[in-house]
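A short reminder: the numbers here are calculations on the coordinates, not readings from a lab. Nothing here was measured: the structure is a model prediction, and the numbers come from that model. Backbone-built Cβ (ideal geometry, glycine too); neighbour counts: all protein chains shown.
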Amino acid sequence: DAGITQSPRHKVTETGTPVTLRCHQTENHRYMYWYRQDPGHGLRLIHYSYGVKDTDKGEVSDGYSVSRSKTEDFLLTLESATSSQTSVYFCAISGRPNRTTMNTEAFFGQGTRLTVV
Amino acid sequence: EDKVVQSPLSLVVHEGDTVTLNCSYEVTNFRSLLWYKQEKKAPTFLFMLTSSGIEKKSGRLSSILDKKELFSILNITATQTGDSAIYLCAVNYGGTSYGKLTFGQGTILTVHP
């Protein structure tokens with residue numbers, strides 16, 4: 001466990017409602033990522049952050065927004081949940097504070113299973 | 001378009017067999033390639049490769065990177081049922097001081113007793 005906590009771990013929500021998932025780290029890593037995992041697709045990058053208030057889109061960002069107001073928290077918001085957003089969501093962190101290189105491994109949270117009905 | 005492709009997508013073997021998993025990539029400003037193992041929950045880190053031709057080894061697992069041909073392989077010798085998992089390849093790439101981390105589809109490995 002690399003000090004990453006995702007909440008909630010499970011959620012069922014209705015179509016059209018907003019949903020926010022939280023990723024909290026205690027490791028002071030610089031980079032944070034949100035992925036979704038679906039059968040046959042591996043892990044697909046939704047958004048990532050390279051610092052406080054610095055974020056960028058990944059390959060499947062439509063319908064999602066993120067915010068990072070402090071180093072330890074990275075929030076993923078589904079603005080209006082749809083059934084296609086039913087998935088397992090993983091948060092990851094990388095870039096340990098005592099390393100000057102970006103080439104460090106990423107550590108993953110335990111995942112959030114989201115069901116949109 | 002940047003992409004990472006793994007093959008095969010699934011593989012079924014018997015204990016004791018040796019397997020080779022493949023990962024090819026096409027990205028801009030390559031930084032590193034990482035291998036992960038995923039069982040029931042979160043992916044766990046196996047290897048990170050940055051230089052061509054240098055083998056990384058951990059027990060029965062080994063991996064090597066070819067930056068000229070843009071691929072990596074992960075070998076598992078004398079497979080055991082505990083090796084059954086999804087194996088994920090990821091590439092760290094991008095400009096400036098940060099990089100995206102993009103994954104392939106994964107290879108589902110099943111090892112039968």
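May I ask you to derive the FRET efficiency for B:S51 and A:S65 from their Cβ-Cβ distance with R0 = 30 Å, giving the value to the nearest 0.05? Each step should come with its number before you reach the end.
Numbers: r = 38 Å, r/R0 = 1.26.
For B:S51 and A:S65, the calculated efficiency is 0.20.
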Ordering of B:84-93, A:17-26 by burial proxy (mean other Cβ atoms within 10 Å per residue, highest first) = B:84-93, A:17-26
Under the Karplus relation 6.51 cos²θ - 1.76 cosθ + 1.60, θ = phi - 60°, what is the ordered set of whole-Hz ³J(HN,Hα) values for the range A:58-68, x standing for Gly and Pro?
-> x, 7, 10, 8, 4, x, 10, 9, 9, 8, 9
Separation in nanometres of the label points that stand 7 Å from Cα toward Cβ, at B:T110 and B:Q80 | 2.2 nm
Aspartates and glutamates near B:K56 by alpha-carbon distance under 16 Å, same-chain residues fewer than 8 away left out - which ones?
-> A:E105, B:D66
Once both label points are put 7 Å beyond Cα along the C-beta direction, the B:T44-A:R96 separation in nm becomes 1.8 nm
Using a cut-off of 17 Å between alpha-carbon atoms, which aspartates and glutamates can reach A:K70, once sequence neighbours fewer than 8 places away in the same chain are excluded?
-> A:E27, A:D54, A:D56
Is there a pair in A:K11/B:K57; B:K57/B:K100; B:K40/B:K68; B:K40/B:K67 whose C-alpha atoms are over 28 Å apart, and which pairs would that be?
-> A:K11/B:K57; B:K40/B:K68; B:K40/B:K67
Virtual spin-label span in nm between A:T15 and B:N29, 7 Å along Cα→Cβ | 4.1 nm
Run the numbers on chain A and let me know its relative contact order in percent, using alpha-carbon pairs under 8 Å that are six or more apart.
-> 35 percent
